[in-house]
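Worksheet: the structure to be examined is printed underneath.
The values are calculated or read from the model by the stated rules, or taken from the named source; none is laboratory data. Keep in mind that this is a model prediction, so the values were computed, not measured. With ideal geometry, Cβ positions are generated from the backbone for all residues, glycine too; neighbour counts draw on all protein chains shown.
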Amino acid sequence: MNEIKIFAPATIANISCGFDVLGCCLESVGDEMIVRKTQDKGIKITKIIGEELPMDIHKNVAGVAALALLRKYSKNLDFGFEIEIYKNIKPGSGIGSSAASAAGVVFALNELLNKPFSKLELVEFARKGEELACGYPIADNVAPAIYGGFTLVKNTDPLRIVELPLLDNLYTTIIHPQIEIKTADARAILPNKIKLGDAVKQWANVGSLVHALHTKDYNLFADSLTDHIVEPYRSKLIPKFEKVKKSALKAGALGGGISGSGPSIFTFSKGNQIAEYVADTIKSIYQKTNFDFNIYISKINPEGIKIISIH
Ligand code: ADP
């Protein structure tokens, strides 16, 4: 095995009530990466297509995550690696652009090294990349990218990830207004203290959302998609947020909110047809503004990163 090409998926973190803990993985939106063994030792990023991002391995999340993995690899390597990144997910979109690169590279290296590391260890390495991107080693995007489906970050130190079941017919419609909100900035506007009453509502929703996934209860899932803590602050940064959310619900969506730290807005629907209808509805709202935007429709991806080819 000398070369691997992978699909590194976009992800939705927070999922309304689960700030920093809940996340899920997308099926049809994501980057591609090629990682190849080289005679020269060490790692290099040799190509980045689609976005202007640093090639320096200490400034690109892929390089930082790769270094974290190689530092823990016990055997001496008489070869190195080169990384090619084909970006489709815009940095700062809120759908896990940095996480896709960080998770993708450690997954690929693990395959080329004959899988010495567990999924949990891969998340540990990948979140070192997230620390570079936003200042915190958050795992709520890299965990669903690596595990697939829905995940919950139970603990950060020591790291513990809980894999949650999936609703089979769940689709997401995401609108990405082309404005950049850096995760670090979106965190800075959050309050340090929250009201106990809001916290009570929030953890009730996290519990019921997890129960809804286990019992395949779409109504309870929909009823749990409310954020009493973060959304009131961050939604102010996103044009037409309230209108998009309300119209999506009217069009049949189960619920929605801010994807990660925004500006993307996600909605969930039962089935592709409703997800398409929601997309048309949201599109018509944004077409009346001066903002450029992208719309994505995707099934939730049960397996996470996918191998496209390996040889
Ligand atoms: P997102 O939620 O879309 O990942 P973040 O704000 O968390 O947005 O991360 C984007 C930041 O990470 C940008 O400042 C970007 O320059 C930096 N970055 C470094 N390497 C990468 C990479 N390979 N892919 C995406 N972003 C990267």
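Tabulated values for the structure
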read-out: Filter result for V162 (closer than 27 Å to I297 by Cα, part of a helix (DSSP H, G or I) and away from the ligand (no atom under 16 Å from the Cβ)); value: no
read-out: The stretch 86-132, residues that are more than 11 Å from the ligand (Cβ to nearest atom) and on the phi > 0 side of the Ramachandran plot; value: N114, K115
read-out: Criterion: small (G, A, S), under 30 Å from A103 (Cα atoms) and at pLDDT 95 or above - qualifying residue of S284, S261, S224, S247; value: S224
read-out: Residue that is surrounded by the most Cβ atoms within 10 Å (Cβ to Cβ) [pool: residues in the stretch 181-228 that are of a type in the set (D, E, K, R), at negative phi and not in a helix (DSSP H, G or I)]; value: D227
read-out: Members of the stretch 204-221 that are hydrophobic (A, V, I, L, M, F, W, C) and either farther than 16 Å from L164 by Cβ or modelled with pLDDT under 95 (or both); value: A204
read-out: Qualifying residue in the stretch 229-247 (condition: part of a loop (DSSP other than H, G, I, E, B), closer than 25 Å to G197 by Cβ and of a type outside the set (V, I, T)); value: no
read-out: Qualifying position, being at negative phi, in a loop (DSSP other than H, G, I, E, B) and more than 10 Å from the ligand (Cβ to nearest atom), among S74, S28, S16; value: S74
read-out: Which listed residue, of P137, P144, is assigned to a helix (DSSP H, G or I), within 14 Å of the ligand (Cβ to nearest atom) and farther than 23 Å from M1 by Cβ; value: P144
read-out: Pairs with Cβ under 7 Å, 6+ apart, first in the stretch 44-61 and at positive phi, second near the ligand (Cβ under 10 Å from one of its atoms); value: G50/K87
read-out: Test for I194: is it within 16 Å of the ligand (Cβ to nearest atom), under 29 Å from A133 (Cα atoms) and touching a residue at least 24 places away in the same chain (Cβ under 8 Å); value: no
read-out: Checking A275 against (1) over 30 Å from E163 (Cβ atoms); (2) assigned to a helix (DSSP H, G or I); (3) within 22 Å of the chain's Cα centre (by Cα), the condition it does not meet; value: (1)
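Listed here are the residues, each with its yes/no results for (1) closer than 21 Å to N141 by Cβ; (2) at pLDDT below 95; (3) surrounded by 24 or more Cβ atoms within 10 Å (Cβ to Cβ).
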residue: I4; (1), (2), (3): no, no, no
residue: I15; (1), (2), (3): yes, no, yes
residue: L26; (1), (2), (3): yes, no, yes
residue: G30; (1), (2), (3): yes, no, yes
residue: T38; (1), (2), (3): no, no, no
residue: I48; (1), (2), (3): yes, no, no
residue: I57; (1), (2), (3): yes, no, no
